[in-house]
Amino acid sequence: MPEKELAGKVALITGAAKNIGRATALELARAGATVAVNTRYSVQEALEVVKSIQEAGGRAQCFVADIADAAAAKAMVAQIGQQLGRLDYLILNASVRTEKPFLELTVEEWRLPLSISLDGAFYLTQAAIALMLEKGGGSIVTLGGMMSLSGAKNRIHGSVAKHGLVGLTRGIAREFGSRGIRANCIAPGQMNTARASGRAERTGDSAIPMGRKGEPEEIATVIRFLCGEGASYLNGQTIQVNGGQMMF
C-alpha cells in the first residue's frame, strides 16, 4: 500500500475525538489525506487529534457540530467544501451506545441512537455526495456493528439504528455506484475502547476465536483500505471485523 495514497484528498470523520474515530483520523492522515475531525462535545480531545496530525506533518482541522441537527450537519459539510476545497471520503463513525430493557425505553431514549446513526447519516451523506460528485466520486464508510445482524439484549434501539445504517449504505451503493461513489459498511466486533470497557468485561474474550478484543487501529486500517484504490471494485458490502466471533 503506497504510504501517501490518499494525498490530495479530504476526509470527514464523525466522532473523531476518541477510539475508532481518532485512530481513523491518524491513519488517513498518515496516508496523506487532509482530515476534518468532527466532534460534538469532546472538543479538547478533537483538538489533540488535530495537533498530533499536524505535528507529524499532516493536515487536519477540527469541526464542531451536532450531526443530529440537520442545519448544523449541512453547514459543516459546506464549511469543509469552502475551507478545504473538496470532500472525498465520509466516515460515519459517530454513535451513542446506551443500554436499557426494551419495555423501559422512553420515546426519547428510542430516538437518540436513531437521530445520530440514521438522521445524522442522512443529513451528511446527502450533503457530502453533492461535493463528491463535483470531483468525480468518493468513498463513504459507515460503522455498523455485529448487533445490527445478531440483535442485542437491552440494546434494541441501538441494533435498529445500526441495521438501518446497513440499508442506507447499500442504497447509496446502488444509486451512486455508476457515478463514482462507493459505499461500504464495517461491522466491528468487541473493541478494546474506553467507551466499551465495562460491557467487554462482562462478555469476556472466550467467545472470540482469536481470543482477544480488537484494537481501534485494526478498524482504521480497513477504513483506509476502503478509501483507497485497492478497494475500487468493493461496493455495498458489510465487512465483519470481529476476530471471527461472527462468521458468514
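The values are calculated or read from the model by the stated rules, or taken from the named source; none is laboratory data. The structure displayed is predicted, hence computed values, not measured ones. Note that each Cβ is placed from the backbone with ideal geometry, even for glycine, and that neighbours are counted across all protein chains shown.
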Every residue in segment 4-38 that is assigned to a loop (DSSP other than H, G, I, E, B) and more than 17 Å from ALA128 (Cβ to Cβ), please. LYS4, GLU5, ALA7, GLY8, ALA17, LYS18, ALA31, GLY32
Since LYS135 meets every condition but one in (1) closer than 19 Å to ALA78 by Cβ; (2) touching a helix residue (DSSP H, G or I) at 6+ places or on another chain (Cβ under 9 Å); (3) among the basic types (Lys, Arg), which condition does it not meet? (2)
Any residue that is at pLDDT 95 or above, under 23 Å from TYR41 (Cα atoms), of a type in the set (D, E, K, R) and surrounded by fewer than 20 Cβ atoms within 10 Å (Cβ to Cβ) - is there at least one of those in segment 170-188? no
Would you say THR98 is under 23 Å from ALA183 (Cβ atoms), of a type in the set (Val, Ile, Thr) and either touching a residue at least 60 places away in the same chain (Cβ under 8 Å) or assigned to a helix (DSSP H, G or I) (or both)? no
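Looking at SER42, SER95, SER52, which one is under 28 Å from GLN190 (Cα atoms) and at pLDDT below 95? So that I can check it myself, show each step before the final result.
Working: SER42 fails: at pLDDT below 95; SER52 fails: at pLDDT below 95.
Testing whether each residue is under 28 Å from GLN190 (Cα atoms) and at pLDDT below 95 leaves just SER95.
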Looking at SER139, is it buried (at least 22 other Cβ atoms within 10 Å of the Cβ), under 20 Å from LEU226 (Cβ atoms), modelled with pLDDT under 95 and among the polar types (S, T, N, Q)? no
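Quick grid of which residues meet (1) in contact with a Gly (Cβ under 8 Å, 6 or more places away or on another chain); (2) at pLDDT 95 or above; (3) in a loop (DSSP other than H, G, I, E, B):
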{"residue": "ARG202", "(1), (2), (3)": "no, no, no"}
{"residue": "PRO209", "(1), (2), (3)": "yes, no, yes"}
{"residue": "VAL222", "(1), (2), (3)": "no, yes, no"}
{"residue": "GLY243", "(1), (2), (3)": "yes, no, yes"}
Scanning segment 73-91 for residues that are surrounded by fewer than 16 Cβ atoms within 10 Å (Cβ to Cβ) and assigned to a helix (DSSP H, G or I) gives ALA75, ALA78, GLN79, GLN82, GLN83
Starting from residues that are β-branched (Val, Ile, Thr) and over 25 Å from ALA23 (Cα atoms), keep the ones in segment 92-120 and report whichever is surrounded by the most Cβ atoms within 10 Å (Cβ to Cβ). THR106
Could you grab me the full set of residues in segment 28-42 that are within 16 Å of SER95 (Cα to Cα) and either surrounded by fewer than 17 Cβ atoms within 10 Å (Cβ to Cβ) or among the small types (Gly, Ala, Ser) (or both)? TYR41, SER42
